[in-house]
Amino acid sequence: MINRRQVLQMSAGLLASSALRVSAATDTASDAVDLPLIQRPIPSSGELLPVMGMGTSRTFDTSADPESLANLSQVMELFFTGKGKVIDSSPMYGNAETRVGDVLRAMENPPPLFAATKVWTSGKERGIAQMEESARRMDVKAFDLISIHNLKDWQTQLETLKQWKEEGKVRYIGITTSHGRDHSELMEVMRSEPLDFVQFSYNIENREAEKALLPLAQDRGIATMINRPYQRGALFGKSHDKPLPALAAELDCASWGQFFLKYILGHPAVNVIIPATASPSHMADNMFANFGRVPDKSQCEEMLRIFEAL
């Protein structure tokens with residue numbers, strides 16, 4: 001349990017902006033209110049995961065200079081302080097896996113981590129070599145989740161992943177896409193293969209996944225990991241300088257970022273959201289959405305009306 005003041009204090013000294021501001025009345029009323037951590041079960045096992053994860057695309061693809069490492073360490077510390085657990089990466093993301101490993105190695109006592117990456121190559125032997133290298137780069141003994149990135153040579157890589165899962169080399173297996181044009185093929189794999197996770201894009205502006213992907217995942221008992229929750233920042237172009245609606249306080253949201261994340265959580269088939277950031281203040285803001293109330297169907301409809309009127 002965490003209260004609103006504790007979440008605000010996570011970013012003390014880091015926030016020069018109003019990213020986590022709340023009204024005096026809301027802040028005072030919440031001081032004595034504990035906000036529960038939002039967790040959802042992985043359908044294939046029942047294991048609970050906090051809903052706010054961390055992506056690393058672009059944001060962790062940095063050099064190993066002291067300034068970059070110090071900044072990323074601060075970002076990850078805020079993630080863990082906010083009870084985050086799922087960190088997702090890929091060999092496609094340049095230095096991202098290595099930077100995650102660098103930060104983890106520098107921590108005296110790293111908190112519990114749900115380590116996720118992807119395989120992104122063709123051929124069985126190349127796939128195995130790439131996954132083993134990812135484990136070394138991210139400094140994990142065994143991954144909790146490995147997914148096939150953007151369906152690349154998925155038949156070959158999935159056979160290896162199924163074998164690895166049987167042998168205990170990985171706990172969960174999945175498949176991903178960040179391209180809407182691949183949804184049909186993705187759904188065919190979801191219907192025919194024993195997947196634990198699927199990853200795709202979904203947000204308050206890009207709601208294509210609501211039509212078929214999310215219902216299919218729910219029907220098949222496949223956990224969902226949501227990328228691009230802010231439409232690569234485009235959502236903030238619409239909300240910039242706009243006042244938060246009254247509904248935000250009802251959902252324990254203190255920023256538009258949290259409002260957009262809570263909309264995604266309003267869908268019951270969503271398990272984990274993985275916004276990517278290299279900004280400590282943005283990470284603190286994201287992690288506030290890990291707690292509190294989740295919108296029901298009617299509130300999601302109202303959130304959508306509010307967004308479309310911006």
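Here residue 228 fits the description: touching a strand residue (DSSP E or B) at 6+ places or on another chain (Cβ under 8 Å), closer than 24 Å to residue 180 by Cα and touching a residue at least 24 places away in the same chain (Cβ under 8 Å).
Of the residues making up the range 62-73, just one is within 14 Å of residue 282 (Cα to Cα) and surrounded by 19 or more Cβ atoms within 10 Å (Cβ to Cβ), namely 72. Only residues that are surrounded by fewer than 23 Cβ atoms within 10 Å (Cβ to Cβ) and closer than 30 Å to residue 109 by Cα were counted across the range 146-165, and they come to 2.
Quick grid of which residues meet (1) more than 23 Å from residue 197 (Cβ to Cβ); (2) without any contact (Cβ under 8 Å) to a residue 24 or more places away in the chain; (3) among the β-branched types (Val, Ile, Thr):
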site: 59; (1), (2), (3): no, no, yes
site: 66; (1), (2), (3): yes, yes, no
site: 70; (1), (2), (3): yes, yes, no
site: 79; (1), (2), (3): no, no, no
site: 85; (1), (2), (3): no, no, no
site: 89; (1), (2), (3): no, no, no
site: 97; (1), (2), (3): no, no, no
site: 105; (1), (2), (3): yes, no, no
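Look at residue 56 and say whether it is of a type in the set (Val, Ile, Thr), surrounded by fewer than 20 Cβ atoms within 10 Å (Cβ to Cβ), at pLDDT 95 or above and within 20 Å of residue 135 (Cα to Cα). Taking the combined requirement at face value, the residue does not satisfy it. Restricting the range 45-63 to residues that are among the hydrophobic types (A, V, I, L, M, F, W, C) and not in a loop (DSSP other than H, G, I, E, B) leaves a set whose member that is farthest from residue 232 (Cα to Cα) is 48.
The values are calculated or read from the model by the stated rules, or taken from the named source; none is laboratory data. Fair warning: this is a prediction, and the values are worked out from it, not measured in the lab. FYI the Cβ positions are ideal-geometry reconstructions off the backbone, even for glycines, and counts take in every protein chain you see.
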